[in-house]
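The structure appears right after this line, and notes come after that.
The values are calculated or read from the model by the stated rules, or taken from the named source; none is laboratory data. All values derive from a computational prediction rather than experimental measurement. So basically every Cβ, Gly included, is an ideal-geometry build from the backbone, and we count neighbours across all protein chains shown. What goes into the accessible areas is simple: the full protein's heavy atoms, side chains included, and nothing from ligands, DNA or RNA. Shrake-Rupley method; radii C 1.70, N 1.55, O 1.52, S 1.80 Å.
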Protein chains: 2
Amino acid sequence: MSSIKENIAKKKIFEFCIKEFARAGYANVSIRNISKGAGISIGAIYYYFSSKEQIGQFLYDKTTEIILNKIRLGVQKAPNDKEALRSIIYNLFDMSEKEPHLMEFILYVKHKEFLPDAPPICSSKPFEFIKNFIKKKIDSGVFRDMDIVIASALIMGPVIRIIQLRMDNILKNDIRLYTESLLNGIVKSIFKERA
Amino acid sequence: MSSIKENIAKKKIFEFCIKEFARAGYANVSIRNISKGAGISIGAIYYYFSSKEQIGQFLYDKTTEIILNKIRLGVQKAPNDKEALRSIIYNLFDMSEKEPHLMEFILYVKHKEFLPDAPPICSSKPFEFIKNFIKKKIDSGVFRDMDIVIASALIMGPVIRIIQLRMDNILKNDIRLYTESLLNGIVKSIFKERA
DNA sequence: TAAAATAAAACGAGCGTTCATTTTAAAAAA
DNA sequence: TTTTTTAAAATGAACGCTCGTTTTATTTTA
């Protein structure tokens, strides 16, 4: 049972921590920082979470879930393979623009710091989903026959790289505009060539 | 003037810190850890470095220099454009296999933590060098005419991704073996198509 | 009134850094 | 050569502070 108050408090903590963990790193954000920044007392924080690590766990679970849902929905609605790929790229770029902190948290925060036994982020649910998608396309002959790892790297590598350049403020403009040209490059490298 | 002793001490500190910063993160490695791990007393550490931050600075300078030198040499010796690209990929993979800690330090450690005013890692010397290389190839018509950012992402994205998968131990085998197939995919996405 | 929620104070451990001191080794003086 | 002097190198205890967490006390809610 989680009360309304509990949900409000957790949401405040979520929003502050996502931002701060991404900016300063987990180890450099103290419980006192969180208390002040989220406007929740230390006592309340420990009332809702049993430890600082658990806050990290909570953030990790929430963020991977949000991303997975968005990606999955886009793929499901796509009318064909190229559109499915486009939706993956676009949705990741879209999230990077709309919720940069969330994306930074996933891509930059060393989550081994608070989740010692968790798999690396590239084995988290959203990335696993994308990997399965790629595997299916290779098996069904849509993508060239290649090592799944190579295909995965050729597709996700450039996407993640663009997102990182945006997070680092190297790219000043909306990266959703890059969707088309990046897709074109990726398509060339992995789709079967037209006979 | 840096004495032999100083160089030995700094080397010990370098080797321990590269490993530990990559594994645990800068904030989670204390001076006491460094002292114990490197076999240099706390006092001696502060004799050679004015602060913990300066150790980070030292590591950052050394690692970017090592990587830049290796990449530059490979490109200089390459007989043609494709070989130059191959050398960049191979050398990065080679370093990842031979000195994984060094690569982890560059790719994973949040260096803003100890170098608040440094540019993001993708603007560090080795990456700038590669970016210039790509720009030249676009300008001279070797690569397709595209946004430098896109080209950069299409080339370096997959390479970095493979390295990260290796660092995370998702890839169990020597990634140098992927050089050829990755190069093929990348070539397809950025080289001008044959008429 | 009992349970849930909040707040603040207190705890021990560990942090980066300093510093008075000792050791080491080479240069100067005898 | 032997002794004295000097400065670099190295030491680790101690300082002030912040950490994550717990306890204790009070207020709000049901």
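Quick notes on this structure:
- Some residue of region A:20-39 being of a type in the set (Asp, Glu), assigned to a helix (DSSP H, G or I) and open to solvent by less than 40 Å² (accessible area, probe 1.4 Å): yes
- Cross-chain or 6+ apart pairs with Cβ under 6 Å, region B:84-98 first and of a type in the set (D, E, K, R), then open to solvent by 10 Å² or more (accessible area, probe 1.4 Å) and outside any helix (DSSP H, G or I): B:GLU97/B:ASP174
- Residue in region A:68-79 that is within 14 Å of another protein chain (Cβ to nearest Cβ), away from DNA strand C (no atom under 16 Å from the Cβ) and part of a helix (DSSP H, G or I) present: no
- Close pairs from region A:37-56: first under 18 Å from A:GLY25 (Cβ atoms), partner near DNA strand D (Cβ under 7 Å from one of its atoms) and open to solvent by 30 Å² or more (accessible area, probe 1.4 Å), Cβ under 9 Å, at least 6 apart: A:LYS52/A:SER30
- Contacts under 7 angstrom Cβ, first residue in region B:23-34 being closer than 15 Å to B:GLU113 by Cβ, partner open to solvent by less than 20 Å² (accessible area, probe 1.4 Å) and aromatic (Phe, Trp, Tyr), 6 or more apart: B:TYR26/B:PHE114; B:VAL29/B:PHE21
- Entirely in region A:123-195, the helices (runs of 4 or more DSSP H) that have 1 or more residues that are within 9 Å of another protein chain (Cβ to nearest Cβ) and of a type outside the set (A, V, I, L, M): A:148-167, A:179-190
- Within region A:1-54, the residues that satisfy the criterion of being within 14 Å of chain B (Cβ to nearest Cβ), of a type in the set (Gly, Ala, Ser) and within 14 Å of DNA strand C (Cβ to nearest atom) are A:GLY25, A:ALA27, A:SER30.
- Selection count where residues are hydroxyl-bearing (Ser, Thr, Tyr) and within 16 Å of DNA strand D (Cβ to nearest atom), scope region A:33-90: 8
- Contact annotation: residue pairs with Cβ atoms under 8 Å, 6 or more positions apart or on different chains, pairing a residue in region B:128-142 that is open to solvent by less than 30 Å² (accessible area, probe 1.4 Å) with a partner that is not hydrophobic (A, V, I, L, M, F, W, C), are B:ILE130/B:SER152; B:ILE134/B:SER152; B:ILE138/B:ARG144; B:ILE138/B:ASP145; B:GLY141/B:LYS192.
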